[in-house]
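Taking it in order: structure first as structure tokens, then the write-up.
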Amino acid sequence: MNCSPCSSGKVSSDDRQSCSTCPAGTMAQFDECAACPAGTYSNEGSTVCSLCTAGSYSAPSASSCTECQAGNYALDTTTPCEECSAGKYSAASSALCTPCPPGENSAAGASSCSSCVSGRYSLGVASSCEACVAGTYSAEGAAACTPCGTGKWSSEEASSCTDCVAGKYRLTSPSGCSDCPGGTYTDSDGASACSTCDPGNSAAPGSTSCTLCQAGKYSLIPSDSCSQCSAGKYSLNEGATSCSGCSRGKYSMEGSLGCVDCPPHTYSVEEAGSCYDLAGDFNTCPKHPIDGDVVDNKCKYLYEGEWKSINEEAASPFSSLCTSYSLCEHSSDQFHDEYWISCLECQEGKVAVGYNSATQVRENCSSPSHYPQKCVESSSFSSCPSDPLKEDSCHYFYRGKWEDVGGGDASTFSDSCVDYAVCGATYETVENSYFVLCTQCAPGMLQYTKSRLDGDDGTGADGLPDAGLPPGSEALCSHGEAISYCYDPQEFSTCPSGGSSAENLLIECNYLGQDGGTVRGGDSSPFLNTCDEYELVRMQEGGLANQGSEFVIACTKCKAGLQPGEFGFEDGSRFIGTCYTEVGPGADGDFSTCNVGGVNYGKDVTCTYLSGPSGDAWASVPWGSSAPATMSDGCQSFTVCTTNTTETSIEYHLMCDACKSNHQATEMNSVIRFDGCGVYNQYPTVCALEGVRTPSPTAPPTGAPSPSTYSPTPSPTVDEANVIEQVDGFLTWLSKLATNHLELFMFGIAALVIILGVCVYKCYERDKLKQLNRWEDDGERSMWSFDMESITSTDRGGSSFREVGIQPGGGTSGRRTSGKFSRQSTQELPLMRNSSRLTGRQENYEEDSDAGSEGDDWVERLDPNGKKFYENKKTRRATWTDRAARSPPPPPGGAFNPLRDEESSSSVRKNGLERTRSNTRGANDVPVLEKKPKANPPPPPPPAPNPPPKGWNRAIDQKGREYFWEVETGRTVWNRDDCK
């Protein structure tokens, strides 16, 4: 078989049966279709691959080349086109990118360049145009910025320059126009320099004109403001180039328009900014403003009785002890000033030692005894000053007279006085003499003051005539009151001693009050150890060494634990007449007359007794009166519960402690009011003769039966009384609180409402519980409705009782059943609280509180209709039946128990109570107690063959068996022979 070659661009098939054309992107070579390399391309049936032109590229096996878009270029035809960098551009099918010229810019991949906007520029091949700096500008497409000329300015990125406004200028500064400096100005735009102001004018920086200086100011050189004339100078007109000085005797403040005359008693030198404040500027003598050896000021100070001359700038002889001065006279000439100066007031804590006399007055210091001649520490005279060149002496006003002390010696007050004042002083060449007063006693000491002039004859306290006092000190030393003596409050527990027995006989101490009396020097106070502090009311001295001294003394404070009484007044001083021991809580005695302690100590005394049938009534009687009749006749002794003592009154609260031997307590206290008597039902309030019944009140007491009440209401128990006492105390506290703290008081009111609500709720729950546990005496005719249970039983005395309950769900809880019961009755009956309680199926018996009461605990009462009933004094319970007879205790072995004493029983008897229970159940499977007709009581037992021994009683148990019980101990036995 002959094979034919395939035509150009074709290759043979695998089976060599036919030829096929090579696809585009390949070329036919050696009977194969080979792929074109990158950068070349071919059409279908090609034997060779063609090269891509610059600005285009191709991948391997490409059938055509891809042209580059504008902004891109391709120099290598084997790789894809690349983006032109910023600052260059290209057209489509470009092999290279073209740089942007100056004044233009381009971003990356740009097909053309953009011109720079005005205010910006570029140097070529720029990605962006740069902004022109301040002081330059440019037009659109600028390759550089142009500087502004003088007098003009521009901001950054400016397209043109602007003239500087008036008040500003520019020469070459690149930052723009500048303000004209102070003292210069420009009045037109576009200035390249500023003009200078004339003297007497000023201009602030950036001014467009100059301003004349105001009066009181001046300007000599260009400045941004005028200067104020300094103190002591002035300028009267505007535009001043300098200031004028004030003349002597005048002064001016800074910036003044003229000078002012110095005030009276002041002066000034030339060009002075102030005048000498002569009342406060003389701690040193003022210096003259003109320096020189022959120009000096002179100051003359009134000090220690003379005008002491001091040169200028020298310190005052008073040093710093004088707080202010007074200019008495002033003279001046061209070269110096001369001053006459007096101290006006010593510093605080310092005292004046002598004052100016009538011969030491000057023009402006014309008042004698007004200006101190010396100032010293107030404590300096604890001893008399001593001048080594003089014979000094001090005269202390002590115990009503002037006592002489030599220089350097201690004060007559010793350590009892801490501050002194000098009312007069004389300063001589050889002696200084001081008249000294005590102004403050030592801490803890009391002071006695006395007039320094006893009469109207011009004679001083010790007979020293006014003429004998230092000149100028007569009024200060002789008139008015001064401290004459400083003493300890306990000093007069003993009368002051004169040193010897003979001198003590001349000293007399008169102690005020009924416990007081008159004693001699060195003797103890008649108050002994009862008075703690004393006050000296009056003192009279006579002669030397305290001879003839008389002291009138008052007790002002009792010793701790004692009470003051018998108050009085003497010379305006209040004194205690006696100090006594208070009769306090717990004291007892026969106080049937209000005479507790036996003495009333000058006070209003009242005795308040707890008495009366109700057991809670208080009755007050004055001192010396008898107690209420219910207590005064029958009470043996009383106890003091509390004692309330004031300076004018005493109140005793008393309770009977024990009745007399032939009386018995028929009523006890039903209130607890004081800590001293804090036991309920312990203190008798009525003591009646034995065998005499206490008269019944016109109305039955609380708890007695009446036609309008369901049953006697019991009195408060001990716990309830305590609650009432607490609430009452709380109310008293709130009333005091309301006076001082309104907000706390309102809070207390809210708390009180809550407490009362709780109390009402507790009482309500208690009453419901009581009503559900009542027994009714079958001896009275009444009808009851039963919902669940009715039990008929017989008590120990043979009386029949019925216990009533209802089906649960009635809304109130009882001891045995829950619910509310109703009563149908035409007659009111007294109800006793139940005397038994059912517990579990054994139904064990528990004694009630009344069951343990003695027979004499029951008293006879009458209701408002006159019907007799009986009330227990301890429990306040009431009944129609006489309970005076004491019930016997259970027989030996305890009460009868059917589970123990009999094998079975449908009728359970225990302690005289018979109960019958039905086995029938109701619709809700609740046991229902059937009502059983009242059984006839068992026949009375046959009389005992022999009566029981003395102190023993005979009784019958539930099964009719005889047993015996001892009245005193309650012990029970079966056989009479065992009654021992």
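Applying a threshold of 26 Å to the alpha-carbon distances of Lys350/Lys557; Lys287/Lys308; Lys287/Lys390; Lys233/Lys300 flags Lys350/Lys557; Lys287/Lys390; Lys233/Lys300 as lying beyond it.
Once the C-beta distance of Thr47 and Arg16 is scaled by a Förster radius of 25 Å, the resulting FRET efficiency is 0.80 to the nearest 0.05.
Element breakdown for the stretch 101-251 at a 1.4 angstrom probe: carbon and sulfur atoms account for 47% of the accessible area. Here's the picture: a label point sits 7 Å out from the Cα of Ser383 along the beta-carbon direction, and within the stretch 405-421 the residues with their amide nitrogen under 11 Å of it are 407-411.
A simple count of charges around Ala131, restricted to other residues whose Cβ falls under 13 Å of its Cβ and scoring Lys, Arg +1 and Asp, Glu -1, yields -2.
Around the Cα centre of the stretch 33-146, unit charges on the Cβ atoms of Lys, Arg, Asp and Glu (plus for the first two, minus for the last two) sum to a dipole of about 160 debye.
Computed from the Cβ-Cβ distance with R0 of 25 Å, the FRET efficiency linking Ser195 to Thr172 stands at 0.85. Modelled this way, with points 7 Å down the Cα-to-C-beta line, the labels at Ser274 and Lys950 are 11.9 nm from one another. Using the 1.4 Å probe convention, the accessible area of the stretch 1-112 works out to 58 Å² per residue with neighbouring protein chains retained.
Applying 0.36 nm per residue to the separation of Asp179 and Tyr764 and subtracting their alpha-carbon distance, the gain on full extension is 200.8 nm.
At an R0 of 45 angstrom, the distance between the Cβ atoms of Ser4 and Leu75 translates into a FRET efficiency of 0.45.
Pairs with C-alpha atoms separated by more than 32 Å, drawn from the list Lys401/Lys603; Lys450/Lys559; Lys250/Lys374, are Lys401/Lys603; Lys250/Lys374. With 0.36 nm allotted per residue and the present C-alpha distance subtracted, the Glu254-Arg574 stretch has 108.6 nm of extension available.
Across Asp616, Asp14, Asp392, the residue with the most accessible area heads the list, and the full order at a 1.4 Å probe is Asp14, Asp616, Asp392. When the square roots of the Cα gyration tensor eigenvalues are ordered a ≥ b ≥ c, the ratio a/c for the stretch 179-288 is 1.5 or more and a/b exceeds b/c, which makes its shape prolate.
The values are calculated or read from the model by the stated rules, or taken from the named source; none is laboratory data. Worth saying up front: this structure is predicted, and the values here are computed from it rather than measured. Note that we place each Cβ from the backbone using ideal geometry, even for glycine, and neighbour counts take in every protein chain shown. For accessibility, only protein heavy atoms count, side chains too; no ligands or nucleic acids. Shrake-Rupley method; radii C 1.70, N 1.55, O 1.52, S 1.80 Å.
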